[in-house]
Amino acid sequence: MMRQVRGAGSIVLILVAALYHPGAAAAHGSASGEDDPCLRRVGERMVHFSAYQPQYELKDQYCTDIPKEGDTFLVVDLVDPALRSEPVGMRVVKGNGSNEAESQIVADVRPSSHPDGVLRGEVRLDEGLYTVTIAAEKQNLLRRPQYLLRVHMIDYQKLVRTVAPPLIGVLLLALLLYKVVRSKWLRSWWAAPRS
């Protein structure tokens, strides 16, 4: 019976470790290459988007979840050197971009060349959803990279992904403890010293 309890305990520990792997909650800074959610393609070329709010956090950069309302610096790194000589622009509209007729343009950086490889813009973002579209004049219009920004909103998917693994681990541990406490082996072991 003791072997079964140790086996069940080992399985629970492995499940908890697998579900609550610290690498799954890594910050944006550790993402690289194809794993980076801020990296997108413009045709055959790559761009990287970042948003900054130095009035709140001087060095923090955001991609799609911006924690507070306010003045926000939007930066697009033109990763591919060939994009630096092409006219590239950026448009920020309020909403998710599904209905262009009702979209309110919040910022519009007209296409121009960027020899330093950085496209910059500053915008005041209130709470809500925004769509940032990066456009290069020579690229197919249907292949423009877009970023959906969530400003000062709770991302329930991320919250569930963060809370669920430890909660499942605690529930599995509670189930294991319940099974051990209710087992005949533990009752007989507990009663043996008393007799």
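Odds and ends about this structure:
- Cross-link reach list, aspartates and glutamates versus K59, counting only Cα pairs under 18 Å and skipping chain neighbours closer than eight places: E69, D71, D77, E122
- Counting only protein heavy atoms and using a 1.4 Å probe, the accessible area of E57 comes to about 90 Å².
The values are calculated or read from the model by the stated rules, or taken from the named source; none is laboratory data. Everything numeric in this text was worked out from a predicted model, so none of it was measured. We work out accessible area using only protein heavy atoms, side chains counted, and drop any ligands, DNA or RNA first. Shrake-Rupley method; radii C 1.70, N 1.55, O 1.52, S 1.80 Å.
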